[in-house]
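**Student:** To start, I am sharing the structure in question, which I have written as structure tokens.
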Amino acid sequence: MPMNYVARALETDESRGMMKAVVNADTGKILGFTCLGLEGGEIMSIVQVAMMGGVRWEVLRDAVWAHPSLAESLNNLWAFLE
């Protein structure tokens, strides 16, 4: 997902970059995640903790994240999954 889909990135005029997630379609397990963009490490840490806890991607998709924050972009990211 391009970072220009991230409201907080647009607000700070830092919309360069992208996010990508890889999940197991059968189990919902998050297999990998990367964020190349504004405060990417902060967003990666959220997904990393979810991966360590065995949290399915649907839980992150349905979560209510603080606004405005970069974390709320996770709702958009999971909506891109096919």
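**Student:** Does any residue of the stretch 37-54 turn out to be of a type in the set (Ser, Thr, Tyr), under 19 Å from residue 10 (Cα atoms) and at pLDDT 90 or above? Before the answer, list the steps.
**Tutor:** If we filter the stretch 37-54 for residues that are of a type in the set (Ser, Thr, Tyr), which is where we start, we get 45.
Among the residues that remain, those that are also under 19 Å from residue 10 (Cα atoms) are: none.
Looking through the stretch 37-54, none of the residues is of a type in the set (Ser, Thr, Tyr), under 19 Å from residue 10 (Cα atoms) and at pLDDT 90 or above.
**Student:** For the condition out of contact with any Ser or Thr (no Cβ under 9 Å at 6 or more places or on another chain) and assigned to a strand (DSSP E or B), what is the one hit in 10, 60, 31? Steps first, answer last, please.
**Tutor:** Numbers: 10 fails: assigned to a strand (DSSP E or B); 60 fails: assigned to a strand (DSSP E or B).
Result: 31 is the single residue among 10, 60, 31 that is out of contact with any Ser or Thr (no Cβ under 9 Å at 6 or more places or on another chain) and assigned to a strand (DSSP E or B).
**Student:** Among the residues of the stretch 1-45, what is the count of those that are under 10 Å from residue 73 (Cβ atoms) and open to solvent by 50 Å² or more (accessible area, probe 1.4 Å)?
**Tutor:** Of the residues in the stretch 1-45, the ones under 10 Å from residue 73 (Cβ atoms) are 1, 3, 5-9, 19, 35, 37-38, 43.
Add one more test, that the residue is open to solvent by 50 Å² or more (accessible area, probe 1.4 Å), and what stays is 5, 8.
Total meeting the criteria: 2.
**Student:** Being at pLDDT below 95, aliphatic (A, V, I, L, M), open to solvent by less than 50 Å² (accessible area, probe 1.4 Å) and assigned to a loop (DSSP other than H, G, I, E, B): is that true of residue 70 here?
**Tutor:** Working: at pLDDT below 95: yes; aliphatic (A, V, I, L, M): yes; open to solvent by less than 50 Å² (accessible area, probe 1.4 Å): yes; assigned to a loop (DSSP other than H, G, I, E, B): yes.
Against the criterion (at pLDDT below 95, aliphatic (A, V, I, L, M), open to solvent by less than 50 Å² (accessible area, probe 1.4 Å) and assigned to a loop (DSSP other than H, G, I, E, B)), residue 70 qualifies.
The values are calculated or read from the model by the stated rules, or taken from the named source; none is laboratory data. Because the structure is a prediction, the values reported are computed rather than measured. Here Cβ is always computed from backbone atoms with ideal geometry, including for glycine, and neighbour counts include all displayed protein chains. Just the protein is used for accessible areas: all its heavy atoms, side chains included, with ligands, DNA and RNA removed. Shrake-Rupley method; radii C 1.70, N 1.55, O 1.52, S 1.80 Å.
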